[in-house]
1. Where residues in region 1-27 are at pLDDT 75 or above and charged (D, E, K, R), which of them is most open to solvent (accessible area, probe 1.4 Å)?
2. Picking from C70, C121, which residue would you name as being in a loop (DSSP other than H, G, I, E, B) and either among the aromatic types (F, W, Y) or at pLDDT 85 or above (or both)?
3. So is M72 open to solvent by 80 Å² or more (accessible area, probe 1.4 Å) and within 11 Å of the ligand (Cβ to nearest atom) or not?
4. Could you tell me whether N138 is under 28 Å from G58 (Cβ atoms), more than 9 Å from the ligand (Cβ to nearest atom) and at pLDDT below 95?
5. Against the conditions (1) surrounded by 14 or more Cβ atoms within 10 Å (Cβ to Cβ); (2) part of a loop (DSSP other than H, G, I, E, B); (3) within 6 Å of the ligand (Cβ to nearest atom), where does G116 fall short? Just the number, please.
6. Going through G58, G108, G80 one at a time, which residue ends up being modelled with pLDDT of 80 or more, at positive phi and touching a Pro at 6+ places or on another chain (Cβ under 8 Å)?
Amino acid sequence: MSKLRVLLIAAAVAFTGAVSADHKSDHKVKERTAPTGKIYRAGDDVPVAKPAVVEASGPRDGVTIYDQKCAMCHTAGVAGAPKFADAAAWTDRIGKGEETLNMNAINGIGAMPPKGGCADCSDDEIKAAVTHMLGALN
Ligand code: HEC
């Protein structure tokens, strides 16, 4: 047997021994057999799971709503939707007054479903989107 081979075998044996020693060591056994829970007594400093803090995201602004919920129709003029920033397409509609436009956007009009199909949009978010659309005409 070459010297190298003897050395390798010795190293392997030493390694195996180290691993199994670790495996069976008192420390590891305690760790593995430790109870998963812990009993607390009165006066103990009991860790309390903090409820996840859900930041109220607040209302989304008109630009966000428009981009995510309205642009799909109003950019290209799908189904006769008055196009964004196309003053001519909006002239007659603006004559109805912003209040009416808001109500029609909220309740739906013609081929446009209520709130443009945005079920989780609040009335105020729809109004903000309308304001954004009308603002683009100036
Ligand atoms: C599925 C396509 C579609 C989506 C999505 C959509 N619209 Fe419309 N919208 C239309 C169509 C079509 C009309 C024109 C309806 C008509 O006058 O017959 C319209 C008209 C409007 C009008 C004019 C209403 C009036 O009284 O003349 C407003 C304001 C409006 N949309 C706002 C919005 C807003 C805000 C959103 C997003 C929350 C939105 N729309 C999403 C299709 C859509």
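The values are calculated or read from the model by the stated rules, or taken from the named source; none is laboratory data. As the structure is a computational prediction, the values presented were derived from the model and not from experiment. In this analysis, Cβ positions are derived from the backbone assuming ideal geometry, glycine residues included, and neighbour counts consider all displayed protein chains. The area values use the complete protein model at the heavy-atom level, side chains included, leaving out ligands, DNA and RNA. Shrake-Rupley method; radii C 1.70, N 1.55, O 1.52, S 1.80 Å.
1. Looking at residues that are at pLDDT 75 or above and charged (D, E, K, R), I get K3.
2. Going through C70, C121 in turn, the sole match is C121.
3. The answer is yes for M72.
4. Yes; evaluated as a whole, the condition is true for this residue.
5. Result: G116 passes all but (2).
6. Selected residue: G108, the only one of G58, G108, G80 that is modelled with pLDDT of 80 or more, at positive phi and touching a Pro at 6+ places or on another chain (Cβ under 8 Å).
Here's the yes/no breakdown for (1) free of Cβ contacts under 8 Å to residues at least 40 places away in the same chain; (2) more than 9 Å from the ligand (Cβ to nearest atom); (3) open to solvent by 90 Å² or more (accessible area, probe 1.4 Å):
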| site | (1), (2), (3) |
| --- | --- |
| P59 | no, yes, yes |
| G62 | no, no, no |
| V78 | yes, no, no |
| F84 | no, yes, no |
| A87 | no, yes, no |
| G95 | yes, yes, no |
